[in-house]
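*Asks:* Just dropping this structure here.
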Amino acid sequence: MKNLFLLGILAFLLTACSKNNEINGLSAKNEKESSAQNLLAITSFYVNGSSGNDANAGTSPALALKTIQAALWKTTDGAGATIYVAGGTYKERLYWSNSGASSAEPITLTNYNNGVVILDGVNATNSAQNEMIAIASKSHIRIDHISIANNYRSNAKGIYMVGSGTDVHFTFCKIYNIGWTTNSSAVPSSTDNASPLIVVGSTGTSYNEIYIGSNEIYNCNTGYSEGLTLTGNVENFLVECNVVHDIKNIGIDLSGNYSWTNAPANVNFARNGNVKNNTVYRCVSPVATSAGIYVDGGKWINIEGNTTYENSTGISAGCENNNNNTEGINIRSNFIYNNVEAGIIMGANAPNSKVINSTITNNTLFKNFSKTGWGGEIHLQNTDQLSIRNNIIQSASNIVIVASAGYNATNLSFNYNNYFSASGSSANITFDWGSINQTTYGSLAAFKTATGLDANSTYGTPSFVSASLPNPNLHLTSASLCVNTGFPSFVAQPGELDIDKDARVRNGRVDIGADETAY
């Protein structure tokens, strides 16, 4: 996250997991929870933009309200309710007025009878509000099967949730055409921002138990902001099965240590969560290195089972704010291919900050650094206590790992990786150790001997089902040398799965790479 400014907040917006390297996070819940709601005394309201009237009671389809905002005002704080919206386009900017009673009795906004509901920002009501849906310190809420579109203005937002609260689900929504400008070729300055979906924990009490699942966020001109953002005092979250693409900067961002959130410094970072099984592509900033998935100052987060391609960088963990550390980031079982720069960038770029106590395990990196030139699959910056193990690392060139000059990478552990490069020979593969000892190693044997790293790593073609860009199939064939050859003592962490959500270990020994085969 780079200098995101939260401007234009209206006057009516008033004012866990264990801290270790492996966080289970939240379990995916039934997104609509319809069966549970049918057993409870939850008030139902109906909205129909074509035939409704806000003078109606809204308690049946025949007495439907005309606007969604009228239905939100009819909810009661601390009581469950479901707002069913008939298909159509609604020119409204919404303010979420109340909290639900509990996880079993939330306030839910959803579509009626599978209709397509679109909140459209063009000529929408409440024009002074930058957000299409503004939520301030509300709990036990659900937004489901709602599309949000066409909000172009300075500091535009799709869904904006700020303050503190618990138990919030955003599911099966489409958010698109959110931007600081309609000009897709415009080059932003640091004050040009737009946020399709953003959660900001802004007090000493966290926003927690957040589930963001099965949404699509796309075609957004975000400037220096991101497609999906969790920042400030936010904890215990699961971001899964979303598709985020064609964003003019970072796709998914978990960040911390930004003073504008107003959260106390000791809790001012996203933490204790999972980002799993998302597909992120074509997230590229016109002004800076961005990433499909980025942890910037967050802590104790698993990045697992994602597919990320054609972004600026595939996945990155760093820290942009000086004198802070990013900690406990586990990047595991991801497919990462054909990104413009490195597949993974690991380490802070602020001079007195580091990424510490983190892992890169069982990923499949394939032909990244598509812009060509001097660059590899993994780039290291300021990092300490980093383990890189059980990864397939296949380069489009002969360069595989770069310890970037000007940074400090310490206490590295490499083992049981499989390398392959354009040369087709382990005698011609490059490890650039510029920031460590200003040496470039031109073969796998030389790298092993000089550094003591990668003692059990191998060189050879991984034998993918298909290795053809732009749409490779990076699952392993039965002939792959990566099958049952990973770290012999590997034990999967609780909840850890492979790229297909299958068991991480089969047949007694883990495979190398993101795919765990049944062979």
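*Asks:* Being modelled with pLDDT under 95 and either assigned to a loop (DSSP other than H, G, I, E, B) or not small (Gly, Ala, Ser) (or both): is that true of Ala350 here?
*Replies:* Answer is yes for this residue.
*Asks:* Follow-up. Looking only at segment 281-304, filter to residues that are of a type in the set (Val, Ile, Thr) and farther than 23 Å from Leu238 by Cβ; which one of those is surrounded by the fewest Cβ atoms within 10 Å (Cβ to Cβ)?
*Replies:* Within segment 281-304, the match that is surrounded by the fewest Cβ atoms within 10 Å (Cβ to Cβ) is Val287.
*Asks:* Of the numbered conditions (1) in the same structural domain as Asp500 (by TED's automatic domain parsing); (2) over 20 Å from Ile392 (Cβ atoms), Asn339 satisfies every one except a single condition; which is it?
*Replies:* Answer for Asn339: the failing condition is (2).
*Asks:* May I pose another question? If I ask for residues that are touching a helix residue (DSSP H, G or I) at 6+ places or on another chain (Cβ under 7 Å) and over 22 Å from Ser154 (Cβ atoms), which ones from segment 217-259 would you list?
*Replies:* Asn233
*Asks:* Then there's this: Going through Asn272, Asn266, Asn219, Asn208 one at a time, which residue ends up being in contact with a Cys (Cβ under 9 Å, 6 or more places away or on another chain) and in the same structural domain as Val117 (by TED's automatic domain parsing)?
*Replies:* Asn272
*Asks:* Can you pull out the strands (runs of 3 or more DSSP E) entirely within segment 361-411 that have at least 3 residues that are charged (D, E, K, R)?
*Replies:* Here the list is empty.
*Asks:* What number goes with the only condition from (1) part of a loop (DSSP other than H, G, I, E, B); (2) out of contact with any Lys or Arg (no Cβ under 7 Å at 6 or more places or on another chain); (3) not acidic (Asp, Glu) that Val340 does not pass?
*Replies:* For Val340, the failing item is (2).
*Asks:* Next up: For segment 96-116, does any single residue satisfy the condition of being of a type in the set (S, T, N, Q), closer than 27 Å to Tyr207 by Cα and touching a Pro at 6+ places or on another chain (Cβ under 9 Å)?
*Replies:* yes
*Asks:* Of everything in segment 393-417, what is crowded, with 19+ Cβ neighbours inside 10 Å and β-branched (Val, Ile, Thr)? Give them in sequence order.
*Replies:* Those that are crowded, with 19+ Cβ neighbours inside 10 Å and β-branched (Val, Ile, Thr): Ile393, Ile399, Val400, Ile401, Val402.
*Asks:* Is it fair to say Lys74 is modelled with pLDDT of 95 or more, buried (at least 17 other Cβ atoms within 10 Å of the Cβ), over 22 Å from Gly58 (Cα atoms) and among the basic types (Lys, Arg)?
*Replies:* no
*Asks:* In segment 235-252, which residue that is of a type in the set (A, V, I, L, M, F, W, C) and within 21 Å of Thr191 (Cα to Cα) is surrounded by the most Cβ atoms within 10 Å (Cβ to Cβ)?
*Replies:* Filtering first and then ranking leaves Ile250.
*Asks:* Using beta carbons and a limit of 6 Å, which pairs, at least six apart or on different chains, have the first residue in segment 436-462 and over 13 Å from Tyr416 (Cβ atoms) and in the same structural domain as Asn391 (by TED's automatic domain parsing) and the second one among the charged types (D, E, K, R) and not in a loop (DSSP other than H, G, I, E, B)?
*Replies:* Thr440/Asp432
*Asks:* Considering Asn324, Asn278, Asn334, which residue is of a type outside the set (Ser, Thr, Tyr), within 25 Å of Asn236 (Cβ to Cβ), at pLDDT 95 or above and surrounded by fewer than 24 Cβ atoms within 10 Å (Cβ to Cβ)?
*Replies:* Going through Asn324, Asn278, Asn334 in turn, just one is of a type outside the set (Ser, Thr, Tyr), within 25 Å of Asn236 (Cβ to Cβ), at pLDDT 95 or above and surrounded by fewer than 24 Cβ atoms within 10 Å (Cβ to Cβ): Asn324.
*Asks:* Taking only segment 480-519 into account, find how many residues are charged (D, E, K, R) and either in contact with a Cys (Cβ under 8 Å, 6 or more places away or on another chain) or outside the structural domain of Asn390 (by TED's automatic domain parsing) (or both).
*Replies:* Residues flagged as charged (D, E, K, R) and either in contact with a Cys (Cβ under 8 Å, 6 or more places away or on another chain) or outside the structural domain of Asn390 (by TED's automatic domain parsing) (or both) within segment 480-519 amount to 1.
*Asks:* Touching a strand residue (DSSP E or B) at 6+ places or on another chain (Cβ under 7 Å) and either among the polar types (S, T, N, Q) or more than 22 Å from Pro488 (Cα to Cα) (or both): is that true of Thr461 in this structure?
*Replies:* Considered against the rule, which asks whether it is touching a strand residue (DSSP E or B) at 6+ places or on another chain (Cβ under 7 Å) and either among the polar types (S, T, N, Q) or more than 22 Å from Pro488 (Cα to Cα) (or both), Thr461 comes out as yes.
*Asks:* Next question, about the same structure. Consider segment 201-234. How many of its residues are buried (at least 24 other Cβ atoms within 10 Å of the Cβ) and in a strand (DSSP E or B)?
*Replies:* Summing the residues that are buried (at least 24 other Cβ atoms within 10 Å of the Cβ) and in a strand (DSSP E or B) in segment 201-234 gives 16.
The values are calculated or read from the model by the stated rules, or taken from the named source; none is laboratory data. Treat the numbers as computed from the prediction; the structure is a model and nothing was measured. Quick reminder, even Gly has a Cβ in these numbers, built from the backbone with ideal geometry, and neighbours come from all protein chains shown.
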